[in-house]
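Inspection log for the structure reproduced underneath, given as structure tokens.
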Amino acid sequence: MPERVVRLAGEVSGLAGSKLREIERVADTTKILALNALVQAAQAGDHGRGFAVVAEEVGRVATSVRALSADLTEQLEPRIGELNALGRDLVAQVRGQRLADLARNAVELIDRNLYERSCDVRWWATDSAVVDACDAPHEPARTRHASARLATILASYTVYLDLWIADRDGRVIAHGRPDRYAGVLGSSVADSSWFAAALATSDGGAYAVDDIARNPLLGDAPVATYATAVRTGGAHDGAPIGALGVFFDWGSQSQAIVEGLRLADEERDRTRALLLDADGRVIAASDRTGLLSERIELRTEGRESGFYSAGDDVVGFARTPGYETYEGLGWYGALVRRG
């Protein structure tokens, strides 16, 4: 609709200008004819005096018509210019707000998805197989059972690349996909930020989360890592005896969100949909470029959501609102429309 306003304003401007120029040409031609008639009347002497009066009147009418045309042009041009400007502003407002709304939709979808991950890790950390493995990490029967249990979970929860159980010292004693990730079992995660944060959680209702990073032991895939402590007896206030880390398949899941936004074909060809972390690092991009390497400085000016022009581009953005008990990590959804 806004584009139609701009198009109609342009059509009106072109039509008015064209017709006014035609009127001016007719007035100029009439003026010339009147002058020629005056010359002919003068040459006719007394017989041409009556015709001279008519010729003079026609000349005055032509002059008046041209003056009216010029006056109309002078009055129309600024108004049509203002209409064009208003139309362009309306288009920018509608497009910009649409981009901001889509950006909010993208970041809300990922927030809701990651809220579920925070629930999963806290729930699975109380599973008896997980607790038993951490309680006796050197008993192969228990760790094998825990691995089998994690594999069963992964069969239903396909959004994860793997689930790891680490003992109190940070050694991975069980995981769900030994056939796919052979180097995980026995590796140390003692220096991993998620492991330290998991052990430091206050109780079974708390969890730790890392920003998006590539995990070398998972094929260098980008993952969202959620973790919590495994506690004695699986009790809410039990002492930490290990940690459970779950690795969300960030690459495919986030890509589905930024590529699945409801954009028309014409919009999709000109729009880049992004998820950015709190530092502006690209953590997902519909064009699959810049992942974890490119940084974009949004001009938010303290706003939670909005849009602005950047040269010929329009940028819409929205900050994570969080979902339920998941406050989010300060991420942004952003859409950049070219031209």
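Within segment 300-339, count every residue that is charged (D, E, K, R), modelled with pLDDT under 95 and buried (at least 19 other Cβ atoms within 10 Å of the Cβ).
Number satisfying all stated conditions: 1.
Of all residues in segment 107-123 being aliphatic (A, V, I, L, M) and at pLDDT below 95, which is surrounded by the fewest Cβ atoms within 10 Å (Cβ to Cβ)?
First pass over segment 107-123, keeping only residues aliphatic (A, V, I, L, M): 107, 109-110, 114, 121.
Remaining after also requiring at pLDDT below 95: 107, 109-110, 114.
On the way: Val107: 25, Leu109: 20, Ile110: 23, Leu114: 23.
The residue in question is Leu109.
Which residue pairs have Cβ atoms under 6 Å apart, sit 6 or more places apart or on different chains, and have a first residue in segment 251-269 that is closer than 14 Å to Arg95 by Cβ and a second that is surrounded by 13 or more Cβ atoms within 10 Å (Cβ to Cβ)?
From residues that are closer than 14 Å to Arg95 by Cβ, the pairs are Leu263/Thr271.
Quick one: is Glu297 assigned to a helix (DSSP H, G or I) and more than 15 Å from Ala213 (Cβ to Cβ)?
Details: assigned to a helix (DSSP H, G or I): no; more than 15 Å from Ala213 (Cβ to Cβ): yes.
It is false that Glu297 is assigned to a helix (DSSP H, G or I) and more than 15 Å from Ala213 (Cβ to Cβ).
I need a count of the residues in segment 268-299 that are buried (at least 16 other Cβ atoms within 10 Å of the Cβ) and over 30 Å from Ala221 (Cα atoms).
So the answer is 0.
If I filter segment 247-267 down to residues being within 30 Å of Val131 (Cβ to Cβ) and hydrophobic (A, V, I, L, M, F, W, C), which single residue comes out as surrounded by the fewest Cβ atoms within 10 Å (Cβ to Cβ)? Working first, answer last.
In the first step, residues of segment 247-267 are kept if they are within 30 Å of Val131 (Cβ to Cβ); the result is 247-250, 253.
Right, trim to hydrophobic (A, V, I, L, M, F, W, C) and you get 247-248, 250.
Numbers: Phe247: 28, Phe248: 24, Trp250: 26.
Step by step, filter segment 247-267, then rank; the result is Phe248.
I need every pair where a residue in segment 106-121 that is among the hydroxyl-bearing types (Ser, Thr, Tyr) has its Cβ under 7 Å from the Cβ of a residue that is at pLDDT 95 or above and not in a helix (DSSP H, G or I), sequence separation at least 6 or different chains.
Ser118/Tyr207; Ser118/Tyr226
When residues of segment 129-169 are filtered for being farther than 24 Å from Tyr115 by Cβ and free of Cβ contacts under 8 Å to residues at least 40 places away in the same chain, how many remain?
Final tally of qualifying residues: 16.
Can you tell me which condition Phe307 does not meet? The list is (1) in a strand (DSSP E or B); (2) within 24 Å of Ala318 (Cβ to Cβ); (3) touching an Asp or Glu at 6+ places or on another chain (Cβ under 9 Å), and all the others hold.
It fails just one condition, (3).
Would you confirm, using the coordinates I've provided, whether Ala208 is small (Gly, Ala, Ser) and under 20 Å from Ala125 (Cβ atoms)?
Numbers: small (Gly, Ala, Ser): yes; under 20 Å from Ala125 (Cβ atoms): yes.
Yes; evaluated as a whole, the condition is true for this residue.
Yes/no matrix, rows are residues, columns are (1) under 10 Å from the mean Cα position of the chain (by Cα); (2) in a loop (DSSP other than H, G, I, E, B):
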site: Ser254; (1), (2): no, no
site: Val258; (1), (2): yes, no
site: Leu263; (1), (2): no, yes
site: Leu275; (1), (2): yes, no
site: Asp279; (1), (2): no, yes
site: Ile283; (1), (2): no, no
site: Gly290; (1), (2): no, yes
site: Ser293; (1), (2): no, yes
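The values are calculated or read from the model by the stated rules, or taken from the named source; none is laboratory data. These figures come from a predicted structure and were not determined experimentally. For neighbour counting, all protein chains shown are included, and Cβ atoms are generated from backbone atoms with ideal geometry for every residue, glycine included.
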